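The values are calculated or read from the model by the stated rules, or taken from the named source; none is laboratory data. This one's a predicted model, so the numbers in the text were calculated from it and none came from an experiment. Here Cβ is always computed from backbone atoms with ideal geometry, including for glycine, and neighbour counts include all displayed protein chains.
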Amino acid sequence: MNTIGVGLLGTGFAGRAHAHAISSSRRFGKVSPVKVAVFSLNPDKAKTFASTYGFKKWYGDWRELVRDKEVDVVINALPNYMHAEPSMGAAREDKAILCEKPLGRTAEEALKIAESVKETGVINGVGFNHRWLPAVQLARKLIDKGVVGEIRYFRGYFLEDWAFDPKMPFAWRFDAKDAGYGTVGDNGAHVIDLARFLVGEVGRVVAISRIYIPERPSSEGVKRVTNDDASAVLLEFENGAIGTLEASRVFPGRTNYMGFEIYGDAGAIFFDLEHLDELRVADYSEDEEVRGVKRIRVLERCHHGVKNYWAKHALGWAESFTLQLEAFLEAVQEHRGYKPDFFDGVAVNAVLDAIKKSSSERRWVEVERLW
């Protein structure tokens, strides 16, 4: 089996998920990743993380990691405000780069990153891990087969409660300067990627966003929240379909409630992340007497990604990162393009910018075609 050296930037929530994926890919993928090095702004965290997750080295400077000759692929799991320079720096060192979403804090920043990385010719991708789940891959396959027919309506949602407590301390995710967007960028970016993957390009939007908890405590005193706690968006796709997007970080009872519903002139498909190994399908080409919503357990060896695990037994959310990394490493090994790439990241950022502008100006806004 071929090996590829991996360097990981970031030791937070996303960093832990990617570290798990590297371990899993070593067991199941066609390409075996080697845990070369990890970076954190806090050297003590980097050292502890390296020991816990089995990385050979640790760095307190991301520049040292991307220059490491043993590193072939860099995973950027840093906060949004550190996506640009480390990603472009890795590419300049001829390292393939997989960067977490959203690629930029604005579409302009995302485009700058994408164009800079394109000049180097390295393989690049954005971490939209949910599209790699077997049930989502099956949804795409059934849409391509015509089970849904011509798509008329898309409903996408990603609702959570992680910021429900007003006493939760202020962090970079609550700052428009550092994060770029609030929940519509954190959660909505995933839904937008799925909408593009399954339905098509979004042409225009109209949105309402709200900050429900305007201030949060910090070690430096109370700080003002400057990005959205919740957003509701109407979507109009370029192919004529319409839809909605819902996103929140403060809704009680919703811990990881993400999914989509797609309705066409021949049938419909429903997916819910809380039941991620299931896909519900309504095929209206069937006789009326047997028509209805059918549950498909996406656990057979024939389903995308399942054969590398344990058929007929449920997979978890973490496996979406493993399947994503497997696909990315295979693209690197075979010197071919990977999707979703940085320009797909730009496309998502363009929709996010339109949503932000629409909410501010209270009107329909066209999505700018930057990619």
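Residues that are touching an Asp or Glu at 6+ places or on another chain (Cβ under 9 Å) and in a loop (DSSP other than H, G, I, E, B) within segment 215-241 comprise VAL222, VAL225, THR226, ASN227, GLU238, ASN239, GLY240, ALA241, listed in sequence order.
Yes/no per residue for (1) under 28 Å from THR244 (Cβ atoms); (2) touching a residue at least 60 places away in the same chain (Cβ under 8 Å):
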| site | (1), (2) |
| --- | --- |
| GLU286 | yes, no |
| LYS307 | no, no |
| ALA311 | no, no |
| THR322 | no, yes |
| ALA331 | no, yes |
| PHE342 | yes, yes |
| GLU361 | yes, no |
| VAL367 | yes, yes |
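Residue-level analysis places VAL36 among those that are surrounded by fewer than 24 Cβ atoms within 10 Å (Cβ to Cβ) and not assigned by TED's automatic domain parsing to the domain that holds TRP310.
TYR263: in contact (Cβ under 8 Å) with a residue 40 or more places away in the chain, within 18 Å of VAL147 (Cβ to Cβ) and aromatic (Phe, Trp, Tyr), yes or no? Even if it seems obvious, please write down each step before you answer.
Values: in contact (Cβ under 8 Å) with a residue 40 or more places away in the chain: yes; within 18 Å of VAL147 (Cβ to Cβ): yes; aromatic (Phe, Trp, Tyr): yes.
Taking the combined requirement at face value, the residue satisfies it.
Which residue is surrounded by the fewest Cβ atoms within 10 Å (Cβ to Cβ), if the candidates are limited to segment 242-256 and must be part of a loop (DSSP other than H, G, I, E, B) and in contact with a helix residue (DSSP H, G or I) (Cβ under 9 Å, 6 or more places away or on another chain)? Checking each candidate, the answer is THR255.
When you scan segment 104-120, do you find a residue that is at pLDDT 95 or above, under 20 Å from GLY337 (Cα atoms) and part of a loop (DSSP other than H, G, I, E, B), even just one?
First pass over segment 104-120, keeping only residues at pLDDT 95 or above: 104-120.
Adding the requirement that they be under 20 Å from GLY337 (Cα atoms) leaves 110-120.
In the following step, the residues that additionally are part of a loop (DSSP other than H, G, I, E, B) were identified as none.
Checked against the condition, which is being at pLDDT 95 or above, under 20 Å from GLY337 (Cα atoms) and part of a loop (DSSP other than H, G, I, E, B), segment 104-120 yields no hits at all.
In contact (Cβ under 8 Å) with a residue 60 or more places away in the chain, part of a loop (DSSP other than H, G, I, E, B), more than 27 Å from ALA14 (Cα to Cα) and in contact with a Lys or Arg (Cβ under 7 Å, 6 or more places away or on another chain) - does that describe any residue in segment 181-201? No, because not a single residue in segment 181-201 is in contact (Cβ under 8 Å) with a residue 60 or more places away in the chain, part of a loop (DSSP other than H, G, I, E, B), more than 27 Å from ALA14 (Cα to Cα) and in contact with a Lys or Arg (Cβ under 7 Å, 6 or more places away or on another chain). The residues in segment 130-186 that are of a type in the set (Asp, Glu), buried (at least 19 other Cβ atoms within 10 Å of the Cβ) and in contact with a Phe, Trp or Tyr (Cβ under 8 Å, 6 or more places away or on another chain) can be counted, and the count is 1.
When TYR59 is tested against the conditions (1) touching a strand residue (DSSP E or B) at 6+ places or on another chain (Cβ under 9 Å); (2) closer than 21 Å to GLN333 by Cβ; (3) of a type outside the set (Val, Ile, Thr), the lone failure is (2). Residues in segment 20-70 that are outside any helix (DSSP H, G or I) and hydrophobic (A, V, I, L, M, F, W, C): VAL31, VAL34, VAL36, ALA37, VAL38, PHE39, LEU41, PHE55, TRP58.
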